[in-house]
């Protein structure tokens with residue numbers, strides 16, 4: 001399967017198809033460990049080398065399963081992306097746990113937090129669950145009502161970690177286009193995954209593109 005470099009981060013290349021890790025985090029239905037590993041193995045055998053996950057997916061279950069399944073695969077061939085913005089803490093230290101569609105049995109809960117401290121803590125947890133020393137792509141995960149904290153704290157922190165070599169690239173993962181467009185226009189261009197064409201599609205054809 002062909003691989004393509006990310007705009008502005010040519011050292012990070014992704015396959016044309018990627019593996020979304022939410023289902024192996026028990027999204028909507030429980031999936032056995034064996035079934036999860038089989039799905040990941042099948043994706044690998046089909047040529048997929050880009051695997052996306054998040055702490056949100058099964059409160060860490062997706063990350064743990066991906067880490068275990070990919071542990072025997074060459075790390076240099078694998079591109080991993082995860083997300084920040086949902087810090088996992090013991091249930092007694094956070095709000096009541098909502099399943100958010102994930103069928104899990106755990107004593108953890110999510111705290112929505114895009115502060116610098118939470119980003120570092122969340123990423124450290126993800127590295128442990130995935131069993132790796134670095135992550136190729138980290139996305140700010142759905143900061144819909146947390147623009148200031150995400151843009152002023154999460155993104156700069158991720159950019160620093162990128163410059164230190166802990167992560168390879170920084171982006172935003174959202175189910176809308178308006179706020180990603182703001183990230184394109186109002187955060188440092190190296191922080192974004194967008195190329196000029198993608199940015200113009202997100203905004204309007206005659207909008208200025210940061211350089």
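For segment 59-83, the residues whose backbone nitrogen is under 17 Å from a point 7 Å from the Cα of residue 34, taken along Cα to Cβ, are 69.
Given axes a ≥ b ≥ c from the Cα gyration tensor, I'd like to know whether segment 88-184 is rounded (a/c under 1.5), prolate (a/b larger than b/c) or oblate. Here segment 88-184 falls in the oblate category. When the chain is treated as a GNM with alpha-carbon contacts under 10 Å, the residue of 106, 157, 82 showing the greatest mean-square fluctuation is 106. Peptide packing: for 35-48, 122-135, the average count of neighbouring Cβ atoms within 10 Å per residue gives the ranking 122-135, 35-48, highest mean first. Over the chain, Cα pairs under 8 Å with separation of 6+ residues give a relative contact order of 18 percent.
By DSSP, the beta bridges lying fully in the chain are antiparallel in about 40 percent of cases. Taking the fewest neighbouring Cβ atoms within 10 Å as the starting point, the ordered list for 50, 57, 28 is 28, 50, 57. Only Cα pairs under 8 Å and 6+ residues apart enter the sum, and on that basis the relative contact order of segment 1-105 stands at 31 percent. Legend: translational diffusion of segment 1-74 by Stokes-Einstein, Rh = Kirkwood radius over C-alpha pairs, 37 °C, 0.692 mPa s; D = 256 µm²/s. As a ratio to 2.2 N^0.38 Å, the alpha-carbon radius of gyration computed for segment 32-85 takes the value 1.08.
How far is it, in nm, from the label point at residue 164 to the one at residue 77 when both lie 7 Å from their Cα along the line to the Cβ? Going from the residue 164 label point to the residue 77 one covers 3.2 nm. In segment 87-180, Cα pairs under 8 Å separated by at least six residues give a relative contact order of 26 percent. With N the number of residues in segment 7-126, Rg(Cα) / (2.2 N^0.38 Å) evaluates to 1.10.
Read-outs: derived from the displayed coordinates by stated rules, not from any lab. The structure displayed is predicted, hence computed values, not measured ones. Cβ: placed from backbone, ideal geometry, glycine included. Neighbour counts: every protein chain shown.
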